[in-house]
Amino acid sequence: MTSNPVLPATLSAEALTEPGDWLLPRHLGSNAEEIAAMLEVVGFPSLDALVDAAVPENIRLRRALNLPAPLGERAALDRLRAIAGRNRIFRSYLGMGYSDTVTPPVIQRNILENPAWYTSYTPYQAEISQGRLEALLNFQTLVTDLTGMEIANASLLDEATAAAEGMGLAFHARANPEARRFLVSGLCHPQTIAVVETRAKPLGIAVTVGDVFAQPLDPSFFGILLQYPATDGALLDYTAVAAQAKAAGALVIVAADLLALTVLRPPSEFGADVVVGSAQRFGVPLGYGGPHAAFFATRDAYKRQMPGRLVGVSKDAQGNPALRLSLQTREQHIRRDKATSNICTAQVLLANMASAYAVYHGPQGLRAIAARIHFLARLLAVGVAQLGHTVAEAPFFDTVRVTVGDGDAILARALEQGINLRRWDARTVVIALDETTTAADVDALLAVFALGKKAPTVAELRDKVAPGLPVAFVRPGEILAHPVFNKHHTETEMLRYLRRLELKDFSLATSMIPLGSCTMKLNATTEMIPVTWPEFGRLHPFAPTEQAQGYAELFAELEAWLAEITGFAAVSLQPNAGSQGEYAGLLAIRDYYEARGETGRDVCLIPLSAHGTNPASAAMAGFKVVAVACDANGNIDIADLRAKAEAHRAVLAALMVTYPSTHGVFEEGIGEICGIVHAAGGQVYMDGANMNAQVGLCRPGDIGADVCHLNLHKTFCIPHGGGGPGVGPIGVAPHLVPYLPGHPVVRIGANAHSGPVSAAPWGSASILVISWAYIAMLGARGLTDATKLAILNANYIARRLEAHIPVLYKGHADLVAHECIVDLRDWKKQAGIEVEDAAKRLIDYGFHAPTMSWPVPGTLMIEPTESESKEELDRFCEAMIAIHREMEAVAAGGDRLDNPLKNAPHTAAVVTATEWTHPYSREAAAFPKRELREHKVWPSVGRIDNVYGDRNLVCSCPPVEAYTD
Ligand SMILES: Cc1ncc(COP(=O)(O)O)c(C=O)c1O
């Protein structure tokens, strides 16, 4: 038989059992031939030889990771379907800040399931991010309008951490430095109380949980936290409480329900200084706890203390309105341990879904939804009262508290009917209705409360319902009057509005996004598909765990795989961003020392090159930050580390070290660094944001770290969503296992003794399917191959560029790790060109700029990841080289102020204007490469004026006239 390459005579047994839909060759950007070509440029005969030279021998893992054999794409989805099938969707009326909701399909398909929205990054390059910046501005407008506050941010991680951030703001803003007490209403959601208590402890804040109407306030209190409506549904008039707080000098923080605020008096009217909450019920699936967008609104006076990102209106070089991130000087990148908070990645994708939900429904639609829920709640209340139960006296919006004879009998009967009710105490249950509740649901609830007797029905009760909310609580007047909330109410209009926004933005659907430290790799479609399955999306986070057995299986496998990949004893999936992982890991260290009676250990050493979240998290965890110098090669200065560890020996708690370093090199001395810290009695915290250079090659646990966070939204394929969601799990060595985060409502981790750091027990649970699928489909070899190629790609770019632009730091054998920093600092002197000019010029060439001026001002940090093809890397390098030539031309006598770099990016309006006065052609401006004539994504605005935006701060939608001539 002759062998035919097209139709071979026989195939292997494996080829016949699997469809051959392996993700690995699709996940990796280059094939064997292209890899060989890149290796030749870098000067190594094989990938293994390159890796052997780049990664220090003494930390190498010389065995394959112990992970299951990889699954094909279809097989992974089949497995996930089986897992999803083990989750059971009951009707959950559990409330506590989580409500089932109807995600409008136009939003699900065009935002949540759309790579153009979910693969973009935090809008650092504002000129190519105007779409999501507009959606975020809508979110801020929505929040300020409904809360009645003056300013709102562009989302936080969840309601509980937002409340804790509110406490932090009040604490830092307090006039009386002796004030260290914080009053929390006992009617706040339990997870909010627990997270606030966790956050308070390291800061030395004394939390009192109690009845805010009975607790006298004096100047020792700096703030109070109220829930509106309260967790049991009660609508309470807080006017007197707020007045008393103010008289004592305390700030008033209100955790509020955004949908209720469409019909209720806003908290601003009874004296709130800060209003926080969750926007989940604005169309974002429950997802077993997350991800969802929290909001944070305050008075203008506190804008500089406000945590998180803030979108503001500025103007571009042509004077047109343009959006950008404002007041960035508040953030950790600049203020380090003095930053307002450690929040970096937030919940942009979910905030954008929530704002789109408000745009789609508009003020009347939202009020109709609220009115319907409220009416059904009143029907329910009348019905249960008719059945002889006692409904709580306080007015309510959507949550009814009922005292019954035997609460457990009601709960048991409800469970038999596939219904989850909240147990308040032995005799009391609480029922929270939501947008998805129907008359049939209320009938089913009444049948439960009838306990076998004949139940009244909605049809019988409809005309017997008492009037709704007392007038004192009802919000008069209009809401959401801005045009954006009043015109996109048909699906056609909404589709086009979303598409218009999408087209203004760069995402991975446009081109590579080589942001160093951000790992913008492929987010494969198969990984994303299960996220919107109802079996993952419609579970309430506090549903009985028997109903979430699919999730339990997924978590257990993912935890085990991540523990194997990192070399740790256990993993917590709770932290919902890298910053929260840092905080959770540092708390574990703190709690460990406390348990040993070593409470004096409060110094945290942090290299100057560290990401800003490191010192900000350390300060929040109550540590004093001591900086460690870096040497001329960008490595930790070991002599300085030794000296600092010795000087603080008695009080040393930890070193935070990023590996490979944020300078993009595998430091040879990492083993010695860990040894120095351990010898001085401290713990090593490894920031694993750069884990993409380690997976399969070395493990933080083996290197000597005691705890490490991972950014699943970098290394493990969760997309960045334009600035969140994220997941920042931590792995810990055996002695820290007892100090992993716990939870007050759902028992997690048999050993977890510490308080929760997130509202939900497993943080952003629904997106963990993405990382599960990635690991399941790549397997040990695939993950390791991905790491090797990430290292090759970075070195290939470094080699190609260094002939033109210096590469700042290198490690052993003149190699970088998975990213490289190119140095443009000299060009300011030579040609008046700033790094920002080069970054903006890249937009004209069709690229998103690399990370700019971090960790070294005046440089660009490039991280290509393994998923970009050699062709894309070459295109990028050629663009960089061409820009370098443009800089040379300016240095050689060109106009230092009027050149393609200074004027970049060029909009279509600019290059087609009647007048063209520049000393270079329109063609050079818009089409500096021939290929751009075939495919060009135009920036929708020109260079944005940052200073103007901060000086004239506008953080909600300007009137439409601002955009017209
Ligand atoms: C090195 C490093 N550490 C920590 C973080 C913080 O992670 P997150 O943004 O998820 O809070 C980042 C994020 O960019 C990072 O690059």
#### Entry: Modelled label reach - residue 12, point 7 Å along Cα→Cβ, the stretch 39-82 residues with backbone N closer than 17 Å
69-73
### Task
Using only the alpha carbon atoms of the stretch 95-513, find the Kirkwood hydrodynamic radius as the inverse mean reciprocal pair distance, in angstroms to one decimal.
22.3
### Message
Using alpha carbons only, how many angstrom separate the centre of the stretch 391-461 from the centre of the stretch 913-937?
### Response
66
### Sequence-distant residues sharing a close amide H with residue 67 (under 5 Å, placed H)
780
## Note on the structure
Spelling it out for residue 489: with amide H atoms placed in the peptide plane at 1.01 Å from N, the residues 5 or more places away or on another chain with amide H under 5 Å from its amide H are none
### Summary
Checked the stretch 1-84 against the a/c 1.5 cut and the a/b vs b/c comparison, axes a ≥ b ≥ c from its Cα gyration tensor; verdict oblate
### Query
Cα axis of helix 130-147 to longest principal axis of the chain: angle in degrees, 0 to 90, nearest 10?
20
## Note on the structure
Length gained, residue 203-residue 408, 0.36 nm per residue minus C-alpha separation, equals 69.8 nm
### Task
Using 0.36 nm per residue of separation minus the Cα-Cα distance, give me the extension gain between residue 915 and residue 608 in nm, one decimal.
105.7 nm
### Task
Would you give the gap between the C-alpha center of the stretch 475-496 and the C-alpha center of the stretch 140-162, rounded to a whole Å?
19
### Query
Computed over the Cα atoms of the stretch 327-439, what is the convex hull's projected area averaged over all directions, in nm²?
11.5
#### Entry: Volume per residue that the Cα convex hull of the stretch 257-320 spans, once the total is divided by residue count, Å³
162
### Task
Round to the nearest 10 and give me the degree value, 0 to 90, for the angle of helix 239-248's Cα axis relative to the longest principal axis of the chain.
60
### Summary
Among 829/902; 714/902; 303/714; 201/303, the pairs whose Cα-Cα distance exceeds 22 Å are 714/902; 303/714; 201/303
### Task
Express the relative contact order of the stretch 568-764 as a whole percentage, based on alpha carbon pairs under 8 Å and six or more residues apart in sequence.
30
### Message
As I understand it, the value is the acute angle between the Cα axis of helix 491-502 and the longest principal axis of the Cα atoms of the chain; what does it come to in degrees, rounded to 10?
### Response
40
#### Entry: Projected area averaged over orientations for the stretch 568-764, convex hull of C-alpha atoms, nm²
10.4
### Task
Report the local net charge at residue 456: Lys and Arg +1, Asp and Glu -1, summed over other residues whose C-beta lies under 14 Å from its C-beta.
+2
### Query
So, counting K/R as plus one and D/E as minus one, what does the shell of residues with Cβ under 13 Å around residue 768 add up to?
-4
### Message
Using a Förster radius of 30 Å, what is the FRET efficiency between residue 874 and residue 24 based on their Cβ-Cβ separation? Nearest 0.05, please.
### Response
0.85
### Task
Count the DSSP beta bridges whose two residues both fall in the chain, then state the antiparallel fraction as a percent rounded to the nearest 5.
50
### Task
Using only the Cα atoms, work out Rg/Rh for the chain, with Rh taken as the Kirkwood radius, to two decimals.
0.97
#### Entry: Rounded D (µm²/s) - the stretch 694-848, Kirkwood Rh over Cα pairs, Stokes-Einstein at 10 °C, 1.306 mPa s
83
### Computed label-point distance, nm, for sites residue 481 and residue 440 using a 7 Å Cα→Cβ extension
4.2
### Query
How much length, in nm to one decimal, is gained on full extension between residue 416 and residue 753, taken as 0.36 nm per residue of separation minus their Cα-Cα distance?
118.0 nm
### Task
Compute the FRET efficiency between residue 599 and residue 329 as 1/(1 + (r/R0)^6), taking r as their Cβ-Cβ distance and R0 = 25 Å, and round to the nearest 0.05.
0.15
### Task
Can you pull the one-decimal nm distance between simple spin-label points at residue 37 and residue 472, each 7 Å off the Cα toward Cβ?
7.6
## Note on the structure
Within the chain, excluding any chymotrypsin sites (Phe, Trp or Tyr not before Pro) found in a DSSP loop (not H, G, I, E or B) and having at most 15 other Cβ atoms within 10 Å, the longest uninterrupted segment runs 214-915
### Computed P(r) (all Cα pairs; the stretch 781-932; 10 Å bins; percent)
11, 39, 32, 14, 4, 1
### Query
Is the shape of the stretch 66-133 rounded, prolate or oblate, going by the alpha carbon gyration tensor and its root eigenvalues a ≥ b ≥ c, with a/c under 1.5 for rounded and a/b larger than b/c for prolate?
oblate
### Message
Suppose each label sits 7 Å from its Cα in the direction of the beta carbon; what would the residue 62-residue 426 distance come out to in nanometres?
### Response
6.5
### Summary
Computed ³J(HN,Hα) along the stretch 684-701: with the Karplus parameters 6.51/-1.76/1.60, θ = phi - 60°, integer Hz and x for glycine or proline, the list is 9, 9, 9, 7, x, 4, 9, 4, 4, 8, 10, 3, x, 9, 7, 9, x, x
### log₁₀ of I(q)/I(0) at q = 0.16, 0.22 Å⁻¹ - the stretch 209-332, Debye sum with one point per alpha carbon
-0.93, -1.29
### Ranked 79, 304, criterion: other C-beta atoms within 10 Å, fewest first
304, 79
### Query
To the nearest 0.05, what FRET efficiency results for residue 239 and residue 951 with a Förster distance of 35 Å applied to their C-beta separation?
0.45
### Under 5 Å, built H, 5+ apart or other chain: amide partners of residue 658
687
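Read-outs: derived from the displayed coordinates by stated rules, not from any lab. Source: prediction; values computed, not measured. Positions of Cβ are generated from backbone atoms using ideal geometry, with glycine treated the same way; all protein chains shown enter the neighbour counts.
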